[in-house]
Amino acid sequence: MGNTSSTLPPDHHPFQHPRRLRSEALKTSSRTPRSLRLKIPAFLHRPTSTRTHPSASEELHSERSSSDVGSPYDDASNVDTSSIETRASISPDYERFLAAFPEYALTASLDILRSTELTRLDKPESETYVDYMGGSLFPERLVKWHSGFLQDNILGNTHSISSSSQLSARHASEARKAVLDFFDAPADQYTVVFTSSTTAAIKLVAESFPFGSTSSLILPADAHNSVHGIRCFAKHNGSQIHYLPTLPRGGVLPDEVMRFLESRSSSEQALDAAPSLFVLTGQSNISNSKTPLSLFKNAKESGLYTLLDAAALAPTSIISLQKTPVDAVAISFYKMFGYPTGVGALIVRKDFLELLSKNRPWFAGGTVDVVQVPGSIVSLAEELHERFEDGTINYLALPAITEGLQTLKPLLPMLPLRLSSLTLWLVKALEDIKHPSGVPCVQILSRTPSSRLTKIGEQSDVGSVISLLFHDPQGNILPLSFISYCAFKHRISLRTGCMCNPGGAATLLGINSYMDALTEGATLRELESHAGRELGVVRISLGLGSNFNDVQRVIQFAEFISDEFERQKAWTDWMNLRDREELGPCCNTASRA
Ligand SMILES: Cc1ncc(COP(=O)(O)O)c(C=O)c1O
């Protein structure tokens with residue numbers, strides 16, 4: 001059969017997670033998913049056992065969690081910073097950083113992750129990766145494990161009933177449970193629809209939402225195009241579209257949203273109206289603003305259905321659907337732990353999914369029970385999530401989702417502390433870099449943490465995205481394509497452009513008037529020629545694998561831009577290549593507007 005019993009008892013699986021609840025069925029798989037082992041430095045260990053040699057799974061089990069907040073381990077003064085295993089530990093800059101942010105050392109598990117699971121980042125001549133908002137980087141063991149798992153098991157299409165199909169179905173169900181568990185979503189209220197991405201998850205809601213002529217779609221201006229696209233369905237059905245305005249540094253003003261919701265709920269029109277949808281972006285991918293998820297409570301009280309785009313929020317923030325009872329949440333897993341691409345999810349309330357299923361514009365293989373042919377009768381699949389999973393789900397990839405979530409979960413409480421320390425340090429260093437003329441080299445456009453975090457488990461009010469512009473000594477904005485060229489030469493993976501977030505970009509760049517003046521058929525090229533420059537920002541985004549070295553490389557890159565001789569030399573090279581049309585795609589703004 002292929003799917004034979006494990007040859008080792010669970011205790012002998014070196015990387016098995018003890019908390020992992022396994023169904024009996026999964027135990028029959030020849031190589032069951034194992035969580036990835038992280039070797040935690042001794043000073044982060046909680047004395048969990050009197051045994052002298054805890055198993056590897058106990059080591060992982062002893063990992064810090066958000067519930068540990070307030071333990072002696074949180075006292076930064078107790079931290080032995082010399083235990084952080086990273087190449088940066090020898091640099092005086094790193095010592096200065098640790099002196100300024102001693103609590104950073106509490107996140108040493110992430111240094112271990114970096115040195116054991118992201119080894120490709122520290123190979124000689126390797127790329128400095130600062131595009132985590134584009135996609136996270138996978139721990140190498142996750143891919144190795146997944147490859148072994150696939151080679152050892154026979155997984156069939158979940159639509160059959162063979163053993164191989166049942167094995168796939170069990171792993172899919174395990175992954176669904178892992179997603180619910182990760183987002184603290186009660187299984188009696190929520191289910192998970194697997195999709196190909198956040199975008200596909202949002203579209204599932206958009207195309208099935210019962211928009212009518214008295215409905216409203218309420219959405220933030222600082223949002224991804226995959227959110228703005230919902231308005232096509234609303235418009236098609238004659239619904240009102242209401243944009244929540246963006247603040248000068250991005251995001252929405254919570255008080256204004258509350259006022260809007262209150263005025264709406266008190267109006268008679270709202271009471272009579274058809275269902276309306278309220279959408280928020282958890283974290284902006286360009287302005288770095290986070291939206292208070294408590295607004296969903298107000299929206300619910302105003303009788304609105306609610307959708308959260310958590311693509312940018314979920315990779316570094318804890319989301320609890322017990323605490324934030326939103327109707328649906330859209331995520332992409334590659335943004336959270338880098339692998340696999342092509343799998344996302346809609347985590348959705350069952351009652352909301354029931355409503356959507358009455359209005360789905362089509363059916364497909366996998367979503368139905370009985371179809372009359374020829375004819376018009378269609379009975380939908382009994383399982384709610386199946387009604388939305390068109391065709392065959394990505395059943396080979398789903399075991400890696402379970403593993404990825406198990407890996408990220410214990411690390412997630414550390415990320416805000418670590419990333420806010422790195423972000424604050426980086427922003428300050430960049431702002432201090434001046435041209436010899438005294439003009440600042442860098443203009444930060446996005447939001448930065450308003451306060452410093454000191455404990456594991458604390459949440460930051462913003463993410464770890466830095467959107468900025470580089471200026472020349474006269475204060476003119478340096479072209480994004482020149483910066484892309486220099487970054488390419490310096491082996492820095494950053495991103496330039498508008499990040500598929502036109503509302504956020506227009507606000508940060510102060511060009512909202514261009515938006516107002518747009519006409520049908522407008523192109524980015526026309527817009528840029530009107531503005532007299534390339535439009536967009538340079539985006540640095542930190543994430544799961546980021547460390548001080550990465551930040552230092554970005555600072556060195558900015559120093560290079562501020563160096564008159566070096567910048568002029570690069571400029572001449574860039575212009576020559578441009579004139580000869582020899583610039584590759586890496587040196588264009590490379591982002592969709
Ligand atoms: C805030 C936000 N929403 C939605 C998306 C779309 O995600 P995907 O391309 O995985 O569908 C992104 C992608 O960067 C994003 O940052």
Ordered by number, the GluC sites (Glu not before Pro) in the stretch 373-404 that occupy a DSSP loop and have at most 15 other Cβ atoms within 10 Å are Glu382, Glu383
Take the alpha-carbon positions of the stretch 185-295, form their convex hull, and give its projected area averaged over all directions (one quarter of the hull surface) in nm².
7.9
Cross-link partners of Lys335 among lysines (Cα-Cα below 21 Å; sequence separation of 8 or more within a chain):
Lys144, Lys177, Lys203, Lys290, Lys409
Nearest-10 value in Å² for the accessible area of Cys498, using the 1.4 Å probe:
10
At a threshold of 8 angstrom on Cα-Cα distance, excluding pairs fewer than six apart, so keeping six or more, what relative contact order does the stretch 371-465 reach in percent?
25
What residues qualify as long-range amide H neighbours of Cys500, i.e. H under 5 Å apart, gap of 5 or more or another chain, H built at 1.01 Å from N?
Arg592
Tally up the carbon and sulfur contribution to the accessible surface of the stretch 193-340 as a whole percent, 1.4 Å probe, everything protein left in place.
53
Within the stretch 469-528, DSSP-loop GluC sites (Glu not before Pro) with at most 15 other C-beta atoms within 10 Å are Glu520
If I model the stretch 157-409 as equal point scatterers sitting on the Cα atoms and use the Debye formula, what is log10 I(q)/I(0) at q = 0.17 Å⁻¹?
-1.33
Note the full-extension length gain between Lys434 and His530 as 0.36 nm times their separation in residues minus their Cα-Cα distance, in nm to one decimal.
31.6 nm
I'd like the accessible area for Thr507: 1.4 Å probe, protein heavy atoms, all chains in place, Å² to the nearest 10.
20
Report the relative contact order of the stretch 157-409, percent, no decimals, based on alpha-carbon pairs under 8 angstrom and at least 6 residues apart.
25
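The values are calculated or read from the model by the stated rules, or taken from the named source; none is laboratory data. A quick note: this is a predicted structure, and the numbers were derived from the prediction, not measured. Positions of Cβ are generated from backbone atoms using ideal geometry, with glycine treated the same way; all protein chains shown enter the neighbour counts. In case anyone asks, the SASA skips ligands and DNA or RNA and just uses the protein heavy atoms, side chains included. Shrake-Rupley method; radii C 1.70, N 1.55, O 1.52, S 1.80 Å.
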